[in-house]
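What follows is calculated from the coordinates using simple rules that are stated; it is not laboratory data. Since the structure is predicted, the reported quantities are computational estimates derived from the model, not experimental observations. Cβ placement follows ideal geometry from the backbone for every residue including glycine, while neighbour counts extend to all protein chains displayed.
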């Protein structure tokens, strides 16, 4: 059984009177991707900062690889990789210079920057200044920088926000590769589809609290509404929608009745999305 | 803190920070101002010190002086002529060799000479002439006999040459452009571009970052300070003590720079503070620019304790005993500022730790 790479216990932070994170607890195992979802102001970034040692929790404890983040911050930082939402590269430096700088700060004796750039699809552009890069290229370089030290815990904050599908897919592949290498991945995102696709488990955060935490499948089972959606043709020749909720005692009769009484044109099953569940749980959307 | 990481960050500052316009400004501005001052006030590629001689009794010293390449010598025939030449600044110093000067040099134990000094002459010219005459007298005497040169200042003594007046300003500007502005702008740049956040999630600490930026500021201000003193021919007298003063001045500038860099949000605010705070930093230079201002006023301002010893050493022939008190006060001020920097560092570390 994989051991916990991230362990948060009753983690709390407040800015003056405003409680940003309110006694949250969760674990992330090695080789696991945890999707951390929530709208702006939910407390995701504050949690992110406490876990990466940028903020000291007001209450509770954050442990990474069994080390207390606040007490052994330097050791912890040697084992983590962080990719920020906002681009924060040294733009006047080349890509390879950026990677080499961070490799030296991590104290790496040998480091192959070119191989890493190839991995993120930036081969041949390593000597170009970052300021000449497109947003997608910069984001891929940010991801590359976050894995310079082969981190055992990888923190990614909105890594694909605003990117074209090709760049997004490239970054998703790297995230999957990092999980396969054994890294625990803490992924904060607005993108429910991405979270659904990548995450082994997801946590919904709202107003500083975790309101649900489970695998996407379990969440859909627990909170989602599975349904059959049909289009039927009326006597006037117009199309109308019909919906039958699944997993209810009367479902079978309803299906029989639909086909007996109506002229069914199309029919398909529909599964709840994470977004539906989030709205149901919090009464609000993600933005 | 880690020396290895500090050196990595220092390398980054010098390799990539040097393309920053503030970095270029910190190097170019003092050089340019120094060059302009030298061109306007006439000592760029300075002429040799000018010595007037009144030789009443055909002294052997006069031909020895005339043979020297390091001085421009002019002979006068009577006391009024030489005094007029000194008063008008035709020569920096006028020396009178009495009729029995050679015999008194060779026979007596002590040599007495009278020198008229132009009030506006450069301090270094006076020093060169005095030292040269003393050496020649001893050469003629064949022994290390004492030489007393009685100096009489002619002309307006308060009219210190503009080169000398402006040197404190140029040196202080050099020290503070490199030492204060560079670390401050570099820190603000890291904050606004959010690269600071990227650094502090590696094993790099805020202390490493402060140390690297501080070292960069001290190295640049020291290098530029020495260069400016050399260009202005003011580094020769006490190079070790002058280097010490530049290092201590650089430390003060860096400490203020780091405090500003961590507490100020953006460049606009920094430059507003620089403009307003500049009055406090540069106030002491006014007592050198306008010698009529009472010198004690300078003591109110912390940068006085950087610049006064530098002026004492480079322009007034001072040595350690003359500057010791001011140096200790400067060290005290630096320690107070260091305490503040460490306090801010601790707070920042708690916030970012």
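What the table shows:
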| item | result |
| --- | --- |
| For region A:66-120, alpha-carbon Rg and Dmax in angstrom | 13.3, 38 |
| Within the protein assembly as shown, percent of DSSP bridges classed antiparallel, to nearest 5 | 50 |
| Alpha-carbon centroids, region B:161-208 and region A:44-59: separation in whole Å | 30 |
| Spin-label model distance (nm) - residue A:231 vs residue B:340, 7 Å beyond Cα toward Cβ | 7.3 |
| Euclidean distance between Cα centres, region B:292-342 to region A:62-90, Å | 44 |
| Percentage of interatomic Cα-Cα distances in region B:185-282 larger than 19 Å | 52 |
| Percent RCO, i.e. relative contact order, over chain B, from Cα pairs under 8 Å lying at least 6 residues apart | 17 |
| Rounded Å value of the spacing that divides the Cα centres of region A:203-250 and region B:237-277 | 64 |
| Calculated diffusion of chain B, Stokes-Einstein form, Kirkwood radius summed over Cα pairs, 10 °C and 1.306 mPa s, µm²/s | 70 |
| Quarter of the Cα convex hull surface for the protein assembly as shown, i.e. its orientation-mean projected area (nm²) | 41.8 |
| Kirkwood-based shape ratio for region B:288-327, expressed as Rg/Rh from alpha carbons | 0.95 |
| Overall dimensions of region A:4-221 as given by Cα atoms, namely Rg and Dmax in Å | 17.0, 51 |
| Within a Gaussian network of chain A (alpha carbon springs, distance under 10 Å), most fluctuating of A:258, A:101, A:141 | A:258 |
| Net length gained if the chain between residue B:290 and residue B:144 were fully extended (0.36 nm per residue, minus Cα distance) | 48.5 nm |
| Region B:50-154: radius of gyration over Cα atoms, expressed as a fraction of 2.2 N^0.38 Å | 0.98 |
| Highest-fluctuation residue, A:201, A:172, A:104 considered, GNM on chain A with Cα pairs under 10 Å | A:104 |
| Bins of 5 Å, starting at 0 and running to the largest distance - Cα pair percent for region B:264-312 | 5, 21, 24, 19, 11, 10, 7, 2, 0 |
| Using distinct alpha-carbon pairs, which all enter the 1/r mean, Kirkwood radius of region A:137-287 in Å | 18.4 |
| Fraction of beta bridges assigned by DSSP in region B:50-154 that are antiparallel (%, nearest 5) | 20 |
| Percent of beta bridges antiparallel (DSSP, chain A, rounded to nearest 5) | 65 |
| Rough spin-label spacing in nm, given labels placed 7 Å along Cα→Cβ, for residue A:112 and residue A:262 | 6.0 |
| Cα pair distances of region A:225-270 binned at 10 Å [whole percent] | 29, 55, 15, 1 |
| Value of D in µm² per second that Stokes-Einstein yields for region A:204-287, Kirkwood Rh from Cα pairs, at 4 °C (1.567 mPa s) | 87 |
| Cα-projected label distance for residue B:60 with residue A:67, points at 7 Å along beta-carbon direction, nm | 8.1 |
| Among B:342, B:180, B:51: highest mean-square fluctuation, GNM of chain B, C-alpha pairs under 10 Å | B:342 |
